[in-house]
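Here the structure comes first, spelled out in structure tokens, and everything after it is commentary.
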Number of protein chains: 2
Amino acid sequence: MIQAIDRAARVLSSLQGARHLGITELAGILELPPSTVHGIVKSLQAHGLVAKEPGSQRYMLGPALLKLSNVYLDTLDVRARAMRWTRELARRTGLSTRLGAELFDEVIIIHHNRRPDGSQQMLETGITIPSHASALGKVLLAYHPSAADELLAKPLRSLTGDTVTDPATLRLQLASVAERALAMEEDEAVLGESSVAVPVADRSGTVIAAVSVVMPSSEWPPEAGVLNDLRETARNISRELGYSEWPPRVVPNDD
Amino acid sequence: MIQAIDRAARVLSSLQGARHLGITELAGILELPPSTVHGIVKSLQAHGLVAKEPGSQRYMLGPALLKLSNVYLDTLDVRARAMRWTRELARRTGLSTRLGAELFDEVIIIHHNRRPDGSQQMLETGITIPSHASALGKVLLAYHPSAADELLAKPLRSLTGDTVTDPATLRLQLASVAERALAMEEDEAVLGESSVAVPVADRSGTVIAAVSVVMPSSEWPPEAGVLNDLRETARNISRELGYSEWPPRVVPNDD
DNA sequence: AACGTCATTCGATAATGTCGAATATGCCCC
DNA sequence: GGGGCATATTCGACATTATCGAATGACGTT
């Protein structure tokens, strides 16, 4: 780990959290001298990764991140291949769909289809949810046992009163997910919202993403037809990626 | 400029351009020893800014960029305030709209409304266009004379046969933009597509973004009503940002 | 104008990052 | 499975870079 790069990344993370920060504030958060932080911020600014807030001394994330992110999404083979299938899934089920990938202790939504009822819905691409509190995340954890082990060794955050944070309970859930290749979550991330997710595997059988449908909790549990459509979607995406034996199997402590 | 951070940013830029690269390829592009590049890439990877391509030795941009970018967009005051106005502009004109900000020699689209005719259209947020070849970019250049000076000192790329790349011609255009607070572009970025843009100013009178409508070149030139709607949109956004004297004036060589 | 707070500059030096050599890994062919 | 080649990764000496404290400049408020 190159210390200067580590520190630069921590500046970005701090701005991601607090949005706008002055040099002194950043220095406090990072426990570094202001002049050190200044050098880091100026270097990031020169590359457009950080910007000064208009009319103020505070800094915020910069526009170069947007371009990089756009290229990231464009580069993702799984996303490109999933798009038509998840659109079709949303159409058939009348539900919104999400495609998620792993980002440390969270799942990040890399593609999202709105519910096809024409209602106003937020764009979710780029949103993260703690893995333990989402069906998508539980799938990814179930297929990456060492990542799960690390996560379950930490105190877990409750997002709602229904979030499961007990490691032993989660281990049982993950074992069930691994067996059924299906994860469920009811009101754990957002009250009134529940979801069910299944794994997407690449040519080598590695689970690289998960796909889910999201429904109002008033409509829970999902009908068998929805589960079948969801599985079919994951099978189709996985097949396009070169994996023909859906559902994938868990490889014990593979990382 | 901290060299290690500069090099890390250049790794990200290289991956942004070429999408997938091995260590040796990156080393060639950056003209650095492979072991140096390896250290940089591993540091970026530890923060999710770079990822290894599934099943290969090559690296690509990483998911942390998507989360950072999402926060960047969410943090942008001008974007939040512009959204309702540009949606209304698209509705009234029947055209797609773009809100653009400056990213070095390019304009980056930070918000986009599709043409309201229900046709299949690509999402444009995060896309960049060379400033000299876009109406949005010409507005931003006209209001930032020193940025314009720097850009016009470099050889400019033709995107289509109609792209204006002659510095003297561009200077005349930018002077006219500054005077009229309006920029036009016909087939310069994409054949068959033309646009007209106007500036958006913040509380201090600094032009921090530009807003445009895009139309098929077969419908060019824009009607007076469209221009009025566009100006009204920029005036409304600027007023929400605290600027009440639209159109803004150019401050000579202010950077 | 004065004051307090924070941003930025500067330069000595501590320590970090660099980079060449060696080793490990992956892939392809037989 | 073995061999060969190309590339990734490791290791450690040391050159160079980043750090950080002190000083100065800028900004906002009174």
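The values are calculated or read from the model by the stated rules, or taken from the named source; none is laboratory data. None of these values were measured; they are calculated from a predicted model. Using ideal geometry, Cβ is built from the backbone for each residue, glycine included, and neighbour counts are taken over all protein chains shown. With ligands, DNA and RNA removed, areas are computed over all heavy atoms of the protein, side chains included. Shrake-Rupley method; radii C 1.70, N 1.55, O 1.52, S 1.80 Å.
The figures follow:
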item: For the protein assembly as shown, accessible area per residue (1.4 Å probe, heavy atoms of protein chains only), Å²; result: 44 Å²
item: Ratio Rg/Rh [Cα only; Rh per Kirkwood] for the range B:117-255; result: 0.96
item: Members of A:LYS52/A:LYS154; A:LYS52/B:LYS67; A:LYS52/A:LYS138 lying beyond 29 Å, as alpha-carbon distances in this model show; result: A:LYS52/A:LYS154; A:LYS52/A:LYS138
item: Estimated FRET transfer efficiency when R0 is 25 angstrom, pair A:ALA175-A:LYS154 (beta carbons, to 0.05); result: 0.85
item: Proportion of all alpha-carbon pairs of the protein assembly as shown beyond 40 Å (%); result: 27 percent
item: Longest exposed-site-free window of chain A, the sites being GluC sites (Glu not before Pro) in a DSSP loop that have at most 16 other C-beta atoms within 10 Å; result: A:32-222
item: Inter-copy separations for B:MET122, label at 7 Å along Cα-Cβ, nm, ascending; result: 2.8
item: Principal axis dimensions, largest first and in whole angstrom, of chain A by Cα; result: 59, 41, 38
item: Probe 1.4 Å - accessible area at B:MET122, Å² to nearest ten; result: 130 Å²
item: Computed magnitude of the charge dipole of the range B:11-87 (debye, nearest 20; Cβ of K, R +1, Cβ of D, E -1); result: 400 debye
item: Candidates B:LEU32, B:LEU156, B:LEU140: whichever shows maximal mean-square fluctuation once chain B is modelled as a Gaussian network with Cα springs under 10 Å; result: B:LEU32
item: Residues in the range B:1-28 that, when all protein chains are in place, have 50 Å² or more less accessible area than the chain alone would give (probe 1.4 Å); result: B:MET1, B:ILE2, B:ILE5, B:GLN16, B:ARG19
item: FRET efficiency, A:ALA168 to A:MET1 (Cβ-Cβ, R0 30 Å, nearest 0.05); result: 0.35
item: GNM flexibility winner over chain A from A:LEU26, A:LEU151, A:LEU141 (Cα, springs under 10 Å); result: A:LEU26
item: Pairwise centroid distance, computed over Cα atoms, of the range A:149-209 with the range A:48-93, Å; result: 24 Å
item: Cleavage-rule hits (trypsin sites (Lys or Arg not before Pro)) in the range A:147-255: DSSP loop, at most 16 neighbouring Cβ within 10 angstrom; result: A:ARG157, A:ARG203, A:ARG249
item: Evaluated at q = 0.14, 0.19, 0.30 Å⁻¹: base-10 log I(q)/I(0), Debye formula over Cα of the range B:1-52; result: -0.28, -0.54, -1.41
item: Summed buried accessible area for B+A [probe radius 1.4 Å, Å², rounded to 100]; result: 4600 Å²
item: Estimated FRET transfer efficiency (A:LEU123, B:GLU232; beta-carbon r; R0 25 Å; 0.05); result: 0.45
item: Residue-averaged 222 nm ellipticity for chain A, from DSSP H runs of 4+ at -39500 (n - 2.57), nearest 500; result: -14000 deg cm²/dmol
item: Surface share of carbon and sulfur [accessible, 1.4 angstrom probe, percent] for the protein assembly as shown; result: 49 percent
